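Computed from the coordinates by the stated procedures, all read-outs in this text should not be read as laboratory data. Predicted model only: the values in this text are computed from it and were never measured. Cβ: placed from backbone, ideal geometry, glycine included. Neighbour counts: every protein chain shown.
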Amino acid sequence: MNDNTTKQEKRYHFQLQHLFVLLAIVVFFQILVSFVHKLSLKNLTVKTQSWYQKDFAERLANLTTTSLEMLMETTLQSQSLSHADTSKIVRAFNIILTQQLLQHHVEDVCILISRKENTYVIDNGQLLFSYIMDHDQPIHTDYKNHYKAMQLYRENREQIMKSEQILSIVEDDQIFHVLVPLVPKGEFFGVVYVKSRPDFRFITKGIISSYDESSLIFTALILFGLLAMFYISTYTVKERNEAQRLLFEEKTKKLKEHLHLQKEALFTKRIYHTHHKAEKVMGFIKEDLQELNNDNIERIKYRVTKYANFISRVIYDMKLYDPPLQTIRNPIFNTNLNELIRFIVENIFLRLSASRDIFKFDLDFDDDLPCVHVNEFVVWEIIEPLIQNSIEHAGRERIAVRIITEYDPEAGEIHVIIADNGVGIQESLLVKNEMGIKKIFLENISTKTDSHRKGYGCYIAYEIATQRCGWYLDVENMPDSGCRFIITIPCNGKK
């Protein structure tokens with residue numbers, strides 16, 4: 001009892017494994033939400049970073065181009081330049097062209113010009129100054145380092161000359177090639193090429209890292225909240241579980257008492273019913289003793305012995321309301337059903353001569369019927385009430401009762417059928433309840449008008465057959481008239 005109560009408490013108690021399940025669910029959804037949020041945040045930062053990188057690269061190239069244009073215009077306006085002025089201008093050009101390379105994300109800065117269908121690259125101040133002063137000055141530079149710049153310029157030269165707008169070309173979402181028109185004094189001179197690789201991933205990493213920290217803190221807070229729920233619920237349901245345990249024990253005690261009273265009530269009714277039969281049998285014994293003589297001594301001895309054994313069984317049943325199973329079913333019992341039914345018919349129901357005028361019996365026995373391992377007087381308590389019911393409720397002046405025994409070796413079953421030619425059973429009594437038991441086999445169910453000794457016969461026969469013997473008992477109306485009781489007995493086929 002206590003073990004069952006403990007199991008029920010554990011089943012409905014909020015335990016540590018429940019906390020782990022809730023935590024796992026919360027963590028799973030937290031990871032899922034974090035993943036979706038991080039993905040959205042990453043997409044946003046990547047788009048923002050791409051825009052900013054492009055804007056940064058264009059502003060850097062535009063600033064370089066503007067500086068060159070201003071310095072070139074100043075140089076072109078000068079009529080005569082001293083050696084010192086020339087050195088300053090050349091140094092200024094070098095500073096503009098090389099200072100951007102000092103930044104780690106700028107990889108190339110040069111000027112691209114076209115002359116007679118040829119493309120030239122200027123990447124230092126001296127070459128630029130010489131070309132400004134004399135366009136026919138030969139240009140010598142290392143083209144291998146600026147191959148990509150020359151290729152992009154040749155492909156987009158016409159477009160840049162027409163639009164005179166900055167052209168940005170992105171390579172692998174990381175490298176920006178910016179071509180800015182160089183237009184000193186309003187005349188197209190060439191383009192300033194800037195190759196840069198701006199890297200702002202540290203900003204994205206910082207944002208995502210901050211979000212991860214927030215997620216960890218949030219998960220930790222949920223964990224502590226679940227722990228608090230666990231301890232609070234454990235404390236709260238402790239008294240409830242104790243009350244449920246006490247209530248369960250009280251209900252169990254009452255149920256045991258109810259079952260005990262039911263068994264005692266059934267015991268009382270069964271004894272009352274069999275006591276009435278025993279009185280009739282005692283009368284038969286007295287008559288047999290009065291008629292005893294040398295001619296009928298063996299027949300009466302056999303009959304009186306059967307009567308006496310039945311009385312002994314009734315007395316034994318009066319000792320216990322729940323007799324041991326081995327006194328009912330046991331391999332030592334080998335009851336011949338044909339012989340027992342014949343004895344009940346001839347020496348109980350047909351004992352009185354007046355009875356022969358009221359009802360008759362038709363016995364159709366299977367000679368191959370095997371014996372059953374049930375006490376014959378327990379079988380008597382099943383068969384006799386069913387026959388009595390067929391006689392009392394037939395509703396005819398001449399009653400015919402047919403008893404059939406059959407053996408089905410393939411199914412391993414014995415069938416005992418008790419049929420009559422009466423009016424049958426009311427359909428309301430053949431309705432099954434929620435347990436699958438027909439109403440006629442329930443307690444205190446009868447069609448008798450008097451309340452004395454009614455509703456016991458079929459009820460007791462059903463209880464003994466199903467609960468004690470393990471048999472199956474059913475009843476049905478026949479198509480023409482009357483009804484029949486069918487007893488199905490599982491057997492092992494021993495004769």
Point-charge dipole on Cβ atoms (K/R +1, D/E -1) for segment 19-199, about Cα centre, debye to 20: 460 debye
Approximate shape of the chain as ellipsoid semi-axes (Cα gyration tensor, √5λ), whole Å, largest first: 122, 27, 18
Residue-by-residue Karplus 3J(HN,Hα) for segment 407-421, coefficients 6.51, -1.76, 1.60, Hz, glycine and proline x: 10, 10, x, 5, 7, x, 9, 10, 10, 10, 10, 10, 10, 9, 9
Label-point separation in nm, Glu250 to Leu289, each point 7 Å along Cα→Cβ: 5.8 nm
Residues with amide H under 5 Å from that of Arg402, placed H, sequence gap 5 or more: Asp362, Ala419, Asp420
Asn296 paired with Arg240, simple spin-label distance in nm, labels 7 Å along Cα-to-beta-carbon: 7.8 nm
Full-extension gain in nm, Ser428 to Asp199, via 0.36 nm per residue minus C-alpha separation: 73.3 nm
Among the listed pairs Lys116/Lys144; Lys256/Lys306; Lys116/Lys148, those beyond 30 Å (Cα-Cα): Lys256/Lys306
At R0 = 60 Å, FRET efficiency that the Cβ-Cβ distance of Val27 and Tyr143 yields, to 0.05: 0.50
FRET efficiency, 1/(1 + (r/R0)^6) with R0 60 Å, evaluated for Leu223 and Thr86 via beta carbons: 0.20
Label-to-label distance, nm, for residues given as Ile358 and Gln467 (7 Å Cα→Cβ offset): 3.0 nm
Calculated log₁₀ intensity ratio I(q)/I(0) where the Debye formula runs over C-alpha points of segment 19-199, q = 0.16 Å⁻¹: -0.97
Dipole of the chain, positive direction: furthest Cα of Thr45, Phe343, Leu261, with charges on the beta-carbon: Leu261
Extension gain (nm, one decimal) between Glu406 and Lys42, 0.36 nm per residue minus Cα-Cα: 122.5 nm
Sequence-distant residues sharing a close amide H with Glu107 (under 5 Å, placed H): Lys195, Ser196, Arg197
